[in-house]
Amino acid sequence: MPHHPRIALALLALGAVFLAVFPLWGDTFYIRFIARIMIFALFAMSLDLLVGYAGLVSLGHAAFFGLAVYVVAGLVNKAGVTSAFVLLPAALGAAAIAAAAIGWISIRTTGVYFIMITLALAQMVYYFFHDQKEWGGTDGMNIDSKPTVMLGDLKLFDFYDRVQFYYLALGCLVAAFVLLTVILRSPFGHTLVGIRANEGRMRALGYDVQRYKLIAFVIAGTLAGLAGFLEAARATFATPAHLGWHESGHVLMIVILGGMGTLFGPILGAFVMLLMEDYFATLTERWLLIMGVFVILVVMLLPDGIAGVLRRVGRLGRRGAGDG
Amino acid sequence: MAEPAARETVLETRKLGRLFGGLAAVQDVSLTVERGRVHAIVGPNGAGKTTLINLLSGDLKPSAGTVGYEGRDITGWPAHRVARLGIGRSYQKTNIFRDFTAFENCRLAAQARLPRLSLLRPAAGHRDVTEQAAHALELCGLAERRDTRAASMSYGEQRQLELAMMLATGPQLLLLDEPLAGMGPEESARVLDLLRRLAAGHTMVMIEHDMDAVFSIADEITVMVNGSVLASGTPAEIRANKAVQDAYLGEEAPE
Amino acid sequence: MTAHNRRRFIKQAGAGMGLAAAASFVPTRFAIGQKAKIKLGLMLPYSGTYAALGHNITDAMKMRINEGGGKLGGREIEYVQLDDESAPPKGKDNASRLLVRDKCDILVGTVHSGVALAMAQVAKEENKFLVIPNAGAVDLTRKNCSAKLFRTSFSNWQPAFPCGDVALKDGHKTAVIMTWKYPAGFESAQGFKDSFTKGGGKIIKEILPDFPSVEFQAGLTEIAALKPDCVYVFFAGAGALKFMKDYDAAGLKARIQLYGPGFLTDGVYKQAGSAAEGIKTTLHYADDIDTPINKKFRAAFKDQTKRDADVYAVQGYDTGTFLLQGLAAVQGDVGADKALIKAWEGIKIDSPRGTFTLSKSHEPIQDIYLRQVYSGDEKLLGIAHKALADPGTGCTMA
Amino acid sequence: MSLSYFLIQTLNGVQYGFLLFLVASGLTLVFGIMGVINLAHGAFYMVGAYLAWWFAEQTGSFVLALLLSLPVTVLLGLATERFAIRYLYARDHLYQVLFTYGLILILNELQRLLFGNDVHGLPIPAPLAGSIPLTEAQSYPIYRIFLSFTCIAVAAALYLLIQRTRLGMVIRAGSTHREMVSALGFDIARLFMVVFGLGVALAAFAGMIAAPVNTVYPGMGDHILIISFVVVVIGGIGSIKGAFVGAMVVGIADTFGRVLLPTGAGVVVYAVMALVLLWRPQGLFGRTV
């Protein structure tokens, strides 16, 4: 049940305004770069549904993201399909089916088993594409064309236009945020939170816990697939690294950094993390060392992430106001 | 208490057994629970009472024997299917959602009976669910504590909430694991009163250590020792039973 | 440098978030003219597995440009260096960072073929020049070739092709190929296969362990059971070292001659010790090529970097020559596309690896050398193939 | 497929399995007893290999290198537990995952910083060099056989430690009844520190003794980590016996996967894992989840 603290909502609104007007003056490189951040925010948000609400810590979430990228790559390069009306449902469908299959096996377990099994099953998908000669193997491959959106001869949307694409990514992010907020306020969402808190009790109340978990897993996987579709359209490049466990760990880190179980946290997390990586990378060749230290500091000192800090600030502010 | 004209079996176990690593926690238990009756299960600690409840509720799968409910064989059914048949249970150790309010706890329980998955409508918008939850709270005397976080309620209130959650699912058969455990005399009396009222509309299987309470409310008593049934009968029969007296005397004091 | 711009961006973004004066964000622009500096974008791995390669390429290239006066076509140079981390997912963003944001005139990179494929597409979209100083994916100068893309190194096929002839000449009739199951391995294997089967040899089997696994025992047992006349392998780095040691320990080295492209032994044969003894490899370079230019180059590189030069340094050095000569021909006017392409297509480079020219698909036409390890040193045996060009199949310059 | 060929391939698989067991045993031990999931396990494997190589370079003796690097890795493990992991027991596994993920980044970069990007080989110690002829074309390196026996010895030692010693009793009890062990007056904190140290030492030791056949290179821990996870998941998380059986299953499946299904060999091991999980979600010897 997402209770967005007021300070977070204010920040979110401010951020949304900033994002909405950014293309008016930002240069094209940063338009592209922020589109990437928004795609990762969407990706991380989908994982937050699992980690932060359903209590399912998946270390294989990149499999669905990367699978969607490869579905787009395959349809465009091998079948010559470029219509977004085909590519989008195919990408989402593939991600959903994969999530159903991986989820079906994984949700029989809990806790650390779940972590390990999602990791191992996702690696299976990774090796599948890794070993495909026709799909570029470890090199990956360029996607020959961006998706097209045509109605007859009329071009409805131009994926090549960076500004248009930027707003598409922003729109998807906002839509996913709204959708997840609605879902989490529904009985289904409350049920997930209940399962996370006390699975046995939920069973005794009559909830088919496995079914709820599986549905959550499929929703999250499908949204990750949406992020993958957008990334394929943005970067037009497919590589096994998109589905590797480093990517899964990376997106998990974004969720924690932002604050899990908040939905808006992963958005903040994606901005902070990606901007920071970008910055560190220019400071030193040893930037991964800095990232490692940073990750550990966050884990040790900020378990509730940025959202936790905001909550505390908000509480302090309210208390201060009350005292005055 | 209105006795039904014809006695009708609601729940029946045959030769029910459960092993834990070769050790029999429950053995050869055959019980018959009739509609509208309060069936108490008593016995010393380690007699297998809670295990028996867990077998009935589906939290554990039996190693032997069968469980029948309303003429249906439900042996080995998972807990959620058992619950959906209308069998509610409460726990000996308070088992509530501590971060939720009393009302949210009950709403979560009540919406377990929604016929279909509901993903898009807000939980607060399901009127029948919220009514059912509010009703359960009221029944358990918690109406005023509706918006209190469960974690900040008193122990007695938490026990009452535990019952309210169970009731919110609208069950016909109640499996109660020591509903009075750890309560002061005043709270105990209040809950006992609640149980009496519930007995009017429900069939109940109840584990309880408080013998006064048991004898005052039960229609039927089963005594368990070492995982097996020692005796079964009306309170008067049990009181008179020699074997029960032999085995049970001196162990009567709760925990 | 990039760090500056980026820091500024972060500050700007922060300011924008606070709805402060965001209008002060003005992208860097250069007046294109003879006086302005040429911006050279270097996108190479400076961290990760290929860091050593990235450093050697960069250092040798700069060394060569400085030898040539430190200017390109009379213009000063501004290097914009970026670590590509050999990470394909970031390839396009990094390339577009250099070309779009930093407005580099020419992009140079990289080692990893996957990243290079991504760079090639961005360069094409932005209509900028790309010079590839290593990545050997054949598609770069075949299917994906383009007018403004040049490679100064090799194609994976190229050093492998002469190896088949060498094996035939050594009297072998049957061969087993063993390579990692990844594109560079497939392409290298294809090179060997093309010449070996054309000359009447027979490939009995191809064994493909998955990349980057170093568990070779199963494959070695297969080789022992198949008993081919010779074995051709493509491994590099740690895998190559382990393979040579395992091959030796399995008792196969003494019985079945081992061949490979030079990447098999480069940089690791000393570590392998006696296990590398006798292995024959083919490559577009050999440390001990006996020409004045090679000796001078090796001495200078050692002097400047305290490291021994290798084939990657040579490729970097030649990239320097390539830039110097091409831009001299157009007096530093990178905007003169046609003239520059023409200059580069007709280029002749005197390199430590010998003199080479470029093929129609913008790929070196170069000599491939045969080397063999004996007495703990890798020695040049001779030229395995004179002036070899990649077939450039499927390349149509648009 | 001739019989001798089949036997040699089986030997290859078993031998690979032994090595996997050595790495996976530490992972499963740490999880089974402490409930901690250690992603940096592979990184410690790499640390062991690099230390062995470095000390061997300095001293010229492989045995001496082993003796010198083992205490270093144990200390590293103890310190990691003492100053970080300890604070994460009460938290969700998620934080352990991320902490150890951060540790991988740090250890990988430190390795590059201290030892550079080069690939290194470690000569096989003289008495164990050489090979035994198996068929007319193939011989088997003595060191690999030695490796297998070392792994058997470690497996036996672990078995004895856990089944027969007082420490083992505590360990077994600790893995199921944490409260009981503390109630009996054992120092849980110290026990966990020792177990984590042991887990790290096992990983590092595997890296050390495998170094002469495996070569030493940056990032070598990554690949071994994932395959160890598969071993542990198949065997049942927390079970030493399971790790052993799981390692054998993976070793043999991987070897024969390469031989019989060359095009899909990378996926074979994972497919085997998925099948095992469909049948027993808790792994072959895992406790019910």
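What is the spin-label model distance, in nm, from B:ARG14 to C:LYS338 if the labels are put 7 Å beyond Cα along the C-beta direction?
My value for the distance between the label points is 9.8 nm.
Taking each pair of distinct Cα atoms in region B:34-139 once, what is the resulting Kirkwood hydrodynamic radius in Å?
With all distinct Cα pairs of region B:34-139 included, I get 16.2 Å.
Count, for each residue of D:128-139, the Cβ atoms from other chains sitting within 10 Å of its Cβ, then give me the mean as a whole number.
So the per-residue partner count for this stretch is 4.
In whole angstrom, note down how far apart the Cα centers of region A:142-191 and region C:332-398 are.
A separation of 47 Å, based on Cα centres.
Give C:LYS193/C:LYS360; C:LYS39/C:LYS386; C:LYS342/C:LYS379; C:LYS143/C:LYS198 a once-over and call out the pairs whose C-alpha atoms are over 30 Å from each other.
Distance filter (> 30 Å) returns C:LYS39/C:LYS386; C:LYS342/C:LYS379.
Roughly what % antiparallel, to the nearest 5, for the DSSP beta bridges in chain B?
Percent antiparallel among DSSP bridges in chain B is about 55.
Explain nothing, just the number: relative contact order of chain C, from Cα pairs under 8 Å at least 6 residues apart, as a whole percent.
Value for chain C: 17 percent.
Quick check on region D:218-289: take the gyration tensor over C-alpha atoms, sort the square-rooted eigenvalues as a ≥ b ≥ c, and tell me if it's rounded (a/c under 1.5), prolate or oblate.
Oblate shape, in that a/c is at least 1.5 and b/c is the bigger or equal ratio.
Which whole-angstrom value gives the distance between the alpha carbon centres of region D:78-156 and region A:230-250?
Comparing the Cα centres of region D:78-156 and region A:230-250, I get a distance of 29 Å.
For chain A, compute Rg over Rh where Rg is the Cα radius of gyration and Rh is the Kirkwood radius from the inverse mean 1/r over Cα pairs.
0.97
Can you tell me the Rg and the Dmax, both Å, for the Cα atoms in region A:1-146?
18.2, 52
Under 5 Å between amide hydrogens, which residues at least 5 positions from B:THR75 or on another chain qualify, with H placed 1.01 Å from N in the peptide plane?
For B:THR75, the qualifying residues are B:VAL67.
Please give the average number of partner chain Cβ atoms lying within 10 Å of the Cβ of each residue in A:125-132, rounded to a whole number.
The mean count of partner-chain Cβ atoms within 10 Å per residue comes to 5.
What percentages make up the Cα-Cα pair-distance distribution of region C:342-391 when the bins are 10 Å wide from 0?
Once binned at 10 Å, the Cα pair distances of region C:342-391 give 25, 42, 23, 9, 1.
Only loop residues by DSSP count here, and only those with at most 12 other Cβ atoms within 10 Å; note down the trypsin sites (Lys or Arg not before Pro) in region A:145-218 that meet that.
Qualifying residues, ordered by number: none.
How many Å³ per residue does the convex hull of the Cα positions in region B:1-89 occupy?
Once divided by residue count, the hull of region B:1-89 is 102 Å³.
Around A:PHE114, with a cut-off of 11 angstrom between Cβ atoms, what is the net charge of the other residues, counting Lys and Arg +1 and Asp and Glu -1?
+2
What fraction of the DSSP beta bridges in chain C is antiparallel, stated in percent and rounded to the nearest 5?
Counting DSSP beta bridges with both partners in chain C, the antiparallel share is about 35 percent.
If the convex hull of the alpha-carbon atoms of region D:92-148 is projected onto planes in all directions, what is the mean projected area in square nanometres?
With the hull built on Cα positions only, its mean projection is 7.3 nm².
Over region A:6-317, with every protein chain in place, what whole percent of the accessible area is carbon and sulfur at 1.4 Å, could you tell me?
Roughly 69 percent, rounded to a whole number.
Note down the net charge around A:PHE64, summing +1 for each Lys or Arg and -1 for each Asp or Glu among other residues with Cβ under 14 Å from its Cβ.
Neighbour charge sum, excluding A:PHE64 itself: -2.
Ignoring solvent entirely, what values of log10 I(q)/I(0) come out of the Debye formula for region B:95-171 at 0.14, 0.16, 0.22 Å⁻¹ when each Cα is a single scatterer?
Log-scaled intensity ratios, in q order: -0.38, -0.49, -0.89.
Using Cα-Cα distances under 8 Å and only pairs 6 or more residues apart, what relative contact order does chain B have, in percent?
27 percent
Rounded to the nearest whole Å², what accessible area per residue is found for region C:238-324 with the 1.4 Å probe?
Computed with neighbouring chains in place, this is 32 Å² per residue.
Considering only DSSP beta bridges whose two residues both sit in the protein assembly as shown, what percent are antiparallel, to the nearest 5?
50 percent
Region C:112-265: D in µm²/s via Stokes-Einstein (Kirkwood Rh, Cα pairs, 37 °C, 0.692 mPa s)?
It comes out at roughly 202 µm²/s.
Under 28 Å between alpha carbons: how many lysine pairs meet that in region A:6-317, if sequence neighbours fewer than 8 apart on the same chain are excluded?
Lysine pairs satisfying the spacing and distance rule in region A:6-317 number 5.
Report the label-to-label distance for C:LYS202 and A:ASP153 in nanometres (one decimal), using points 7 Å from each Cα along the Cα→Cβ vector.
Computed distance between label sites C:LYS202 and A:ASP153 equals 6.1 nm.
Of the listed peptides C:49-62, A:220-233, A:33-46, D:117-130, what is their order by residue-averaged count of other C-beta atoms within 10 Å, with the highest listed first?
A:220-233, A:33-46, C:49-62, D:117-130
For chain B, list log₁₀ I(q)/I(0) at each q in 0.07, 0.11, 0.18 Å⁻¹, using the Debye formula over Cα point scatterers of equal strength and ignoring solvent, two decimals each.
Evaluating at q = 0.07, 0.11, 0.18 Å⁻¹ gives log10 I(q)/I(0) of -0.24, -0.60, -1.48.
Provide a whole-number value for the mean count of partner chain Cβ atoms within 10 Å of the Cβ atoms in peptide C:272-278.
Mean number of neighbouring Cβ atoms from other chains: 1.
Calculated FRET efficiency, C:ASN66 and C:LYS386, Cβ-Cβ r, R0 41 Å, to nearest 0.05?
0.80
From zero outward in steps of 20 Å, how is the percent of C-alpha pairs of chain C spread across the bins?
27, 54, 17, 2
Regarding chain D, what's the average projected area of the Cα-atom convex hull, expressed in nm²?
16.4 nm²
Determine the order of D:TRP279, C:TRP344, B:TRP77, D:TRP54 by accessible area, beginning with the largest, at a probe radius of 1.4 Å.
The residues order as D:TRP279, D:TRP54, B:TRP77, C:TRP344, largest area first.
Which log10 I(q)/I(0) values, to two decimals, does region C:287-398 give at q = 0.23 Å⁻¹ under the Debye formula with one point per Cα?
After summing over all Cα pairs, the log10 values are -1.31.
Expressed as cubic angstrom per residue, what is the convex hull volume of the alpha carbon set of region D:1-117?
Residue-normalised Cα hull volume stands at 157 Å³.
What relative contact order, as a whole-number percentage, does region B:95-171 give when Cα pairs under 8 Å and 6 or more residues apart are counted?
In percent, rounded to a whole number, it is 50.
Using the reciprocal of the averaged 1/r over all distinct C-alpha pairs, how large is the Kirkwood radius of the protein assembly as shown in Å?
33.9 Å
Report Rg/Rh for region C:69-152, rounded to two decimals, where Rg is the Cα radius of gyration and Rh the Kirkwood radius.
For region C:69-152, the value is 0.96.
Can you give the helix-only mean residue ellipticity at 222 nm for chain B, where every DSSP H stretch with n ≥ 4 adds -39500 (n - 2.57) and the sum goes over all residues, rounded to the nearest 500 deg cm²/dmol?
Rounded to the nearest 500, the figure is -9500 deg cm²/dmol.
Can you give the Rg to Rh ratio of region A:202-324, both from alpha-carbon atoms, with Rh computed by the Kirkwood formula?
We get a ratio of 1.07 for region A:202-324.
Any idea what the alpha-carbon Rg over 2.2 N^0.38 Å comes to for region C:159-248?
With N residues counted in region C:159-248, Rg over 2.2 N^0.38 Å equals 1.01.
The values are calculated or read from the model by the stated rules, or taken from the named source; none is laboratory data. Remember, predicted model here, so these are calculated numbers, not experimental data. Counting neighbours? That spans all protein chains shown, and the Cβs are built from the backbone with ideal geometry, glycine included. Please note that ligands, DNA and RNA were not included when accessible areas were found on the heavy atoms of the full protein model with its side chains. Shrake-Rupley method; radii C 1.70, N 1.55, O 1.52, S 1.80 Å.
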